[in-house]
Structure formats: C-alpha cells, structure tokens
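To keep things clear, I will list the structure first and then write my remarks on it.
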Amino acid sequence: MKYQYTYRNTAAELWQLSMYYTYGSLVGLCNIIFTVAIIVMGISRWPELSNLMRGLVLLCSLLFTVIQPIAVYRKAQKQAAGITADTRVGFDDAGLHVLTGDKDAVLAWSKLSIVADILAALIFSDTTHGFVLSNRVLGSDRAAFYSYIASKVKG
C-alpha cells in the first residue's frame, strides 16, 4: 500500500461530510437562495410586518443557517456512536481498499471523486457515500497524500 490509515470517524467528521454533500448540491443552492431571499424580504418589509410574521421571518432565516446544521450534527452523533469497528483504508495504484470489521472492498480510482480542503480529504464513492480522512488521521502525510490522490483521480 502506498498509504494506509486506520481510524474511527468522529461526529464532527461525519457532520462535515454531510454538510459538504448538502451544500455542494442543488439542494444547498436552493437553501442559500431561500435564506438570502427571506433575509432581504425581512429587512425590506420589517416595519410593515406583524409580530407573527417577524417571528416567521426569523425562524425561516435560521432554518438552514442554524437549525439544519444542528439537526445534521445530532444525526452524525448517532452515526458515530453506532460505529463499533475501526476503518482501515489503503491507497495504491489499484484504488481504495477498505476494511471495516469483517467487510472489505476495493474501489477503483475511476469510481471515486476526491475533495481536499483545509480540514480533511473527502472521498466520495457515489453521491451519498463517502469517507472522511481528517488531518487528524492523515498527520504529516497530508500534502503528499493530497498530491497522490489528485494525480490518481485526474489521471
């Protein structure tokens, strides 16, 4: 294996994966447009609104900025609590090798999409499944690992 890591994701790492998936999609774009529209409407019409409508404007402006992220984090906490075995991932020329408990799989590079950001590498095998390799897991290999996976996915 070129790179191999054994880890167990935390709730925060699972939350990051979920939030990236949501806000990197059309759903996230709709959430942003809705939130901006509500805020603009609320500011421009605030003096004319009844107290009930003001409350609804505040609630709607908090829906995707505060309430949804908290709900997603609570779901991530439950998912993290349900993880009973470490995940071992390895990367080589064949692709991504995953071993969790007694289940193993090999995913070819052509089936993966990779997003590297400041906090982690997010590796998606399809639109709803992925892996989070946080900088906590990658350690000092981070820069070399990002270069390696970028060369494999683009190549």
In debye to the nearest 20, the charge dipole size for segment 1-119, taken about the Cα centre with +1 at each Lys and Arg Cβ and -1 at each Asp and Glu Cβ, equals 360
Calculated from the structure, Rg and Dmax of the Cα atoms in Å equals which of [x] 14.5, 41; [y] 19.8, 65; [z] 15.1, 48? [y]
Which distance in Å, rounded to a whole number, links the C-alpha centroids of segment 3-22 and segment 110-132? 9
Averaged per residue, what accessible area in Å² does the chain show with a 1.4 Å probe, protein chains only? 61
With the calculation restricted to Cα positions, what are the radius of gyration and Dmax of segment 72-117 in angstrom? 13.3, 37
Within segment 110-141, the residues whose backbone N lies under 18 Å from a label point placed 7 Å from the Cα of THR22 along the Cα-to-Cβ direction are 127-132
For a quick check, take a GNM of the chain with Cα springs below 10 Å and name the residue from ARG54, ARG74, ARG142 with the largest mean-square fluctuation. ARG54
Can you give the FRET efficiency to the nearest 0.05 for GLN77 and GLU48, using r as the Cβ-Cβ distance and R₀ = 35 Å? 0.25
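The values are calculated or read from the model by the stated rules, or taken from the named source; none is laboratory data. Because the structure is a prediction, the values reported are computed rather than measured. Glycine gets a Cβ as well: all are built from the backbone with ideal geometry, and neighbour counts include every protein chain shown. Heavy atoms of the whole protein, side chains included, go into the accessibility calculation; ligands, DNA and RNA do not. Shrake-Rupley method; radii C 1.70, N 1.55, O 1.52, S 1.80 Å.
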